[in-house]
Structures are given as structure tokens and as C-alpha cells.
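Notes follow the structure.
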Amino acid sequence: MRAVTRILKGIAIGLLALALVLVAPVIYVETLCRGDATPAPATPLVSETRPEIRTLLTYPEWHIVHAYDDYAEVIGTDDPHDFNYTRAVLGYWDALCTLTTEAAALGEIDTQTRQLVHVIGVSFTFEMMMKAAYEETLGRLTTLIRGPARAPLDALAAEQAATYAAFLQQVPWYRYDFRADAQALRDQATGIFRDRERAVALGLEHAARARYAALIADAVAATGHDDLTLNMVVRGLPPETLAQAEGVRIIAETAAGTEIETPRYRALTRLMADWADQGAQFVDIAGNDEIMFTALSDDPEHPDALASLPRQGYDDTRHLFLVPVPELARALRGLPERGLRLEHIHDY
């Protein structure tokens, strides 16, 4: 009976320690990452607006997308234990701290957004911790047994990781078919030990993700999906040129320029980069006058960046820039001469 009590006590202590590790970054951000700037008044020029602080606080979700892309790049040639899970997690919370501080100048962070960045941060931290705990112990052991040559399921797992990373660029993660990946691992496994281990370990991971994704999908269905479009005012290009782009709708001609409706996410980044190259100027985006974008370079730091985060597997660095909306097009056109490559424009 005493042995059982000791075991239960050990489990309880372990769970408490895990809970403290997961909640500690939330407490850190909420207590030490607060700015004191005052938002400047703004007069929206579009008929539909979005909160300006979301240009900063959409990044945490994209940090997770980028982490999966880094992971796919690493295991494309190496093994899962070569990925630095701790760096991915610390990068999330460091960036969130910086952006939460900067957000004070753009407006108050609403409760829903604040809860979202913390919930996904804790979930991401837990997932990375669990994956690291396995891949850096038992997973690493199976690679030693396997030897230097990659097993068939190592290659398949890398392909699946790359597919998932690409999927996340435009579609919410919970819509991904994790069960199909698990089935493919079972179907293509050979009799070698590493393949059997990959089929079981990754199969369990995919099954857990599938169940969690179903819960998130139900929650989203109950609360409503985020808008997939936004409005902006653009000048410098004729309306017919703007309307040629897929998903773009002309709303009105105004004294400030042409008000249009555009798609969001990666599609928007591609559109705006193309229009900037053609000489466009962005006057107002979703009623806001500040916007953030990320760019990549071979330099570890950039003097104008809010934050600089090294990418794993790519040997370069992601830089976060906040600029006035009217200066965005000029900033995009000037990236090459500054040694930068546009990655993503963070809408609201």
C-alpha cells in the first residue's frame, strides 16, 4: 500500500511540475511584457475594419506554422532528434513578449485574443515537450539501431511533415487529415525495426492530433470562423488591374483610392508583393495605419526589426518589421537592396 501511495504521490508531483512549466511563460508574459505607449487616433477609410493589434498578435500562430516548416526542413535530411524543440518553444514566448509590449501602441488586447495566444502557446509547448521527450530518447535509440541509412518511413515521415507545413500556409491546422497520414505509415511500413517504430510512434501522434483537431473544429463551428477576406484602399493601379487578381472584388472608387476586398493569409502576401512591384501604394488596410511583415536574411540581426529569430534547417534568420501602411509598398520594393526576402505580411 505504501508503494502505491509513493507512486501516486510521484505522479501528482510530476503533473504539478508539468503544469508549472506550462503556465510559467503565461505568467511571465502577463506580468513582465506590458507596454505603456498610447495608441494614436485613426480615421478608417474602409467600410469594414479589423483590430490593429492583430497584425502583431497573428504572429504567434504563424510562429507555430514556421516551426513545423523548420521541423520538416530538418528531418528532410536528418532525424527528428536533430530538431531543437526547446528553441522553437522559447522563440514563441520571446516573440509573444516583444509583440505584447509593442501592442500597447496599437490598442488594447481583447480578452479573446489574449486567451488565444496563451492557449495555443501552452498547447504548442506541451506538444514540443512530449515530442522531444520521445524523439531524444527512444526515438534516438531506434536511429542507432537503424544505422546511418534512413528507413523508408523516415523518408515518408519527412514528406508528410513537408506536406503538413505547406498545408498550414493557407488552411487551419485542424482541417488536416492526420488519420490519412497514420494509415499511410501503416501501409508502407516494411519489416525493419525503425519502420515498425515509426508506424507506431507517429501513428499515435497523428491519432492524438486527429482527436484534438475534432474538438477544435467543433469549437470553431460553435463560435464562428474568422473572416477570410479584408478590405483595403489602394492607389497607383487602375481598378481593372486590381480586379484581375483571384479573389479580389472592387467595392468603390474613393478620393483616397480604390477600396477592394481581398483574400487573407499567404494569398494576400503574394497579391500585395505583386502590386507593390507594379507601383501600388497601400493607403488603408482594414481601417489601420500600421502593419507588420516578416522577411528573411542571412544576417542574424537587423537594426529596424522588432525581433530576429533564427530558422532551423535553413541557416538564415526571420526578422519582424512594423511599418506605417502608406510606407509598406516602398518597404517591400526596397527589401532586396537591404539583403532581405519577403516572407509574410501579417494582416489583422
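Couple of notes before you dig in:
- Of the helices (runs of 4 or more DSSP H) contained entirely in the stretch 1-116, those carrying at least 1 residues that are under 30 Å from ALA255 (Cα atoms) and not hydrophobic (A, V, I, L, M, F, W, C) fall at 54-57.
- Tally, over the stretch 215-268, of residues that are in contact (Cβ under 8 Å) with a residue 24 or more places away in the chain, under 22 Å from ILE291 (Cβ atoms) and out of contact with any Ser or Thr (no Cβ under 9 Å at 6 or more places or on another chain): 12
- Selection status of ASP226, within 19 Å of the chain's Cα centre (by Cα) and of a type in the set (Asp, Glu): yes
The rows are residues; the columns are (1) modelled with pLDDT under 95; (2) surrounded by 12 or more Cβ atoms within 10 Å (Cβ to Cβ); (3) part of a loop (DSSP other than H, G, I, E, B); (4) aliphatic (A, V, I, L, M).
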position	(1), (2), (3), (4)
GLY191	yes, no, yes, no
ARG194	no, yes, no, no
TYR212	yes, yes, no, no
ALA219	yes, no, no, yes
MET232	no, yes, no, yes
ILE251	no, yes, no, yes
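- Sole exception among (1) under 26 Å from the mean Cα position of the chain (by Cα); (2) modelled with pLDDT of 95 or more; (3) among the acidic types (Asp, Glu) for GLU246, by number: (2)
- Annotation for the stretch 7-20: no member residue is at pLDDT 85 or above, surrounded by 12 or more Cβ atoms within 10 Å (Cβ to Cβ) and not assigned by TED's automatic domain parsing to the domain that holds GLU259.
- Remark: ASP187 falls outside the filter, which requires a residue to be in a loop (DSSP other than H, G, I, E, B), free of Cβ contacts under 8 Å to residues at least 40 places away in the same chain and not small (Gly, Ala, Ser).
- Residues located in the stretch 319-344, provided they are crowded, with 18+ Cβ neighbours inside 10 Å, out of contact with any Ser or Thr (no Cβ under 6 Å at 6 or more places or on another chain) and either under 21 Å from ALA95 (Cβ atoms) or basic (Lys, Arg) (or both): PHE321, LEU322, LEU328, ALA331, LEU335, LEU342
- Among the residues of the stretch 264-293, those identified as among the β-branched types (Val, Ile, Thr) and surrounded by fewer than 24 Cβ atoms within 10 Å (Cβ to Cβ) are THR269, VAL283.
- Yes/no for THR98 being in contact with a strand residue (DSSP E or B) (Cβ under 6 Å, 6 or more places away or on another chain), surrounded by 14 or more Cβ atoms within 10 Å (Cβ to Cβ), at pLDDT 90 or above and under 16 Å from ARG318 (Cα atoms): yes
- Test: residue in the stretch 154-165 that is β-branched (Val, Ile, Thr), more than 14 Å from the chain's Cα centre (by Cα), on the phi < 0 side of the Ramachandran plot and assigned to a helix (DSSP H, G or I): yes
- Of all residues in the stretch 301-318, those satisfying the criterion of being touching a strand residue (DSSP E or B) at 6+ places or on another chain (Cβ under 9 Å) and either surrounded by 17 or more Cβ atoms within 10 Å (Cβ to Cβ) or at positive phi (or both) are HIS302, ALA305, LEU306, ALA307, LEU309, ARG311, THR317, ARG318.
- Any pair with Cβ under 8 angstrom, 6 or more apart, that starts in the stretch 154-178 at a residue that is over 12 Å from ARG209 (Cβ atoms) and ends at one that is among the polar types (S, T, N, Q): LEU156/GLN188
- Counting the residues of the stretch 288-306 that are over 7 Å from PHE321 (Cα atoms) and of a type in the set (A, V, I, L, M, F, W, C) gives 3.
- Against the criterion of being surrounded by 15 or more Cβ atoms within 10 Å (Cβ to Cβ), touching a Lys or Arg at 6+ places or on another chain (Cβ under 6 Å) and in a helix (DSSP H, G or I), ARG198 does not qualify.
- Sole exception among (1) more than 27 Å from LEU228 (Cα to Cα); (2) surrounded by fewer than 19 Cβ atoms within 10 Å (Cβ to Cβ) for GLN115, by number: (1)
- Those residues of the stretch 101-112 which are crowded, with 19+ Cβ neighbours inside 10 Å and more than 26 Å from ARG311 (Cα to Cα), in sequence order: LEU106, ILE109
The values are calculated or read from the model by the stated rules, or taken from the named source; none is laboratory data. This structure is a prediction, so every number in the text was calculated from the model and none was measured. Cβ: placed from backbone, ideal geometry, glycine included. Neighbour counts: every protein chain shown.
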